[in-house]
Amino acid sequence: MHKRVFLVGAFSLLVVGAMAGCGNSSSSGNGSAPGQPPAAVSNGASHVTGSHESGQVSAQSVNLNLKVLTGTMAGKPGWPKIEPADVTLKANSLVHVTIQNYDDGAAPVPGNDNQVQGTVGGTITVDGKQVSSISFDNVAHTITIPAIRLNVPIPARTAGEPYNTVRFSFKTPSTPQKLNWQCMAACGPGAMTTDGWMKGVWTIQ
Ligand SMILES: [Cu+2]
């Protein structure tokens with residue numbers, strides 16, 4: 001009798017272990033998975049799949065995809081553009097940003113704006129390589145949000161690639177607010193001062 005109970009118990013442990021192994025990673029093995037709702041997010045941004053970083057199970061996480069277009073691509077030579085410029089994100093969430101940058105022209109940046117600031121880990125990846133700054137003379141644009149001390153320098157793509165890819169993650173504030181971002185690189189006087197081009201608003205709700 002005892003033996004049988006033990007076997008049943010062992011079997012269900014195995015099942016729980018197997019379930020934990022193929023989905024969310026709860027490495028403690030204590031079987032807390034069944035009570036948790038699926039980590040789905042329904043705010044318009046796409047749900048993160050394949051997020052296997054442990055320890056971030058309960059945070060809402062979304063993907064945000066941006067493109068840096070040259071002025072020519074955007075239909076206005078001399079007016080590079082980051083689009084979409086205006087996005088809406090939920091408060092208290094982890095945002096995984098992917099930027100496709102088509103611009104191969106560097107532009108001067110002031111002060112420390114070639115340094116990464118305010119991202120998870122204080123780093124970004126450029127074509128998969130993790131860095132915490134971009135060399136001063138190779139910054140094409142930045143996404144800079146003073147209110148949350150976020151600064152992401154985007155390096156010019158090289159001639160051999162159609163675009164480069166910058167990735168980073170950051171946490172949105174816990175309260176609704178409007179975050180003004182702007183590009184600090186001197187990439188074009190018109191674009192830099194015009195909403196929807198090299199500046200915009202990320203609305204946190
Ligand atoms: Cu710019």
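FYI, it's all coordinate maths here, none of it is from the lab. This is a predicted model, so every value here is computed, not measured. Don't worry about glycine lacking a Cβ; one is built from the backbone with ideal geometry, like all the others, and counts go over all protein chains shown.
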Additional length obtainable on full extension of the chain from residue 63 to residue 100, 0.36 nm per residue less Cα span: 12.0 nm
Whole-Å distance, taken between Cα centres, linking segment 64-98 and segment 142-172: 10 Å
Largest-first principal axis extents, alpha carbons of segment 45-204, Å: 44, 31, 29
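Counting alpha carbon pairs within less than 8 Å and at least 6 residues apart, what relative contact order, in whole percent, applies to segment 45-204? Before the final figure, lay out the partial values.
Details: 406 pairs, mean separation 44.2, N = 160.
Contact order relative to length: 28 percent.
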Relative exposure of 134, 204, judged by other C-beta atoms within 10 Å (fewest first): 204, 134
Under 15 Å, Cβ to Cβ, from residue 203 - net charge with Lys/Arg +1 and Asp/Glu -1: +1
Residue exposure sequence - 184, 192 - by fewest surrounding Cβ within 10 Å: 192, 184
Residue order, fewest to most surrounding Cβ atoms within 10 angstrom, among 149, 167: 149, 167
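Among DSSP bridges having both ends in segment 72-205, what percentage is antiparallel? Round to the nearest 5.
Working: 28 of 32 bridges.
Given both bridge residues lie in segment 72-205, the antiparallel proportion sits at roughly 90 percent.
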